[in-house]
Amino acid sequence: MSESEVTRFTLFSRQGCHLCEDMRWQLQQLQQERAFDFDEVDIASDPSLEKLYGTLIPVLTQDNRVVCNYYLDPVAVAEILDRG
């Protein structure tokens, strides 16, 4: 990965989910300290995502691998960012 490439995560969530809102906020706070981006995908927009992640949200992934779900795991995120 070149220096210009930033690590990207995907946050799978659902509207009205307080745990999802908490994880989004924590990711936004962490972005003030570390360089990374994240996309947010509402699982309600895709029945296959609803089936896959329905009871696990929020789910944070990176390169199609689950990093954490329900609660942000800052250690797991830092390990991924440190590998860069």
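The values are calculated or read from the model by the stated rules, or taken from the named source; none is laboratory data. Quantities reported herein were computed from a predicted structural model and do not represent experimental measurements. Cβ: placed from backbone, ideal geometry, glycine included. Neighbour counts: every protein chain shown. All accessible areas refer to the heavy atoms of the entire protein, side chains included, with ligands and DNA or RNA removed. Shrake-Rupley method; radii C 1.70, N 1.55, O 1.52, S 1.80 Å.
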> Karplus couplings for the range 20-35 from phi (6.51 cos²θ - 1.76 cosθ + 1.60, θ = phi - 60°), rounded to Hz, Gly and Pro as x?
Replying inline: 5, 4, 5, 5, 4, 4, 5, 5, 4, 5, 5, 5, 6, 10, 10, 8
> Amide H neighbours of PHE9 under 5 Å, counting only residues 5+ apart in sequence or on other chains, H built in-plane at 1.01 Å?
Replying inline: ASP37, PHE38, ASP39
> For the range 46-62, what does the Karplus curve 6.51 cos²θ - 1.76 cosθ + 1.60, with θ = phi - 60°, yield as ³J(HN,Hα) per residue in whole Hz, taken in order and with x for Gly and Pro?
Replying inline: 8, x, 5, 5, 4, 5, 6, 10, x, 9, 9, 5, x, 10, 9, 10, 8
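What longest range of the chain stays clear of loop-exposed GluC sites (Glu not before Pro) (DSSP non-H/G/I/E/B, at most 12 other C-beta within 10 angstrom)?
The longest uninterrupted stretch comes out as 34-84.
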>> I'd like the FRET efficiency for GLN29 and ARG65, computed as 1/(1 + (r/R0)^6) with the beta carbon distance as r and R0 of 25 Å, rounded to 0.05.
In response: 0.65
> Put +1 on the Cβ of each Lys and Arg and -1 on the Cβ of each Asp and Glu in the chain; which of TYR53, CYS20, ILE80 then has its Cα farthest toward the positive end of the dipole?
Replying inline: TYR53
> What is the pair-distance distribution P(r) of the chain, computed from all Cα-Cα distances in 10 Å bins starting at 0, with each bin given as a whole percent?
Replying inline: 18, 53, 25, 4
> With every protein chain in place, what's the accessible area of ILE43 (1.4 Å probe, Å², nearest 10)?
Replying inline: 0 Å²
>> Rounded to the nearest 5, what % of DSSP beta bridges with both residues in the chain are antiparallel?
In response: 55 percent
>> List the chymotrypsin sites (Phe, Trp or Tyr not before Pro) within the range 9-84 that DSSP assigns to loop and that have no more than 12 neighbouring Cβ atoms inside 10 Å.
In response: TYR71
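Helix-only estimate, please: 222 nm mean residue ellipticity of the chain, summing -39500 (n - 2.57) across DSSP H runs of length 4 or more and dividing by its residues, to the nearest 500.
That calculation yields -10500 deg cm²/dmol at 222 nm.
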> From the square roots a ≥ b ≥ c of the eigenvalues of the alpha-carbon gyration tensor of the range 1-40, which class results: rounded (a/c under 1.5), prolate (a/b over b/c), or oblate?
Replying inline: oblate
> Which Cys residues of the chain have no other Cys Cβ less than 4.7 Å away and so no disulfide-compatible partner by this rule?
Replying inline: CYS68
> Got the relative contact order for the chain handy, in percent, Cα pairs under 8 Å and 6 or more residues apart?
Replying inline: 36 percent
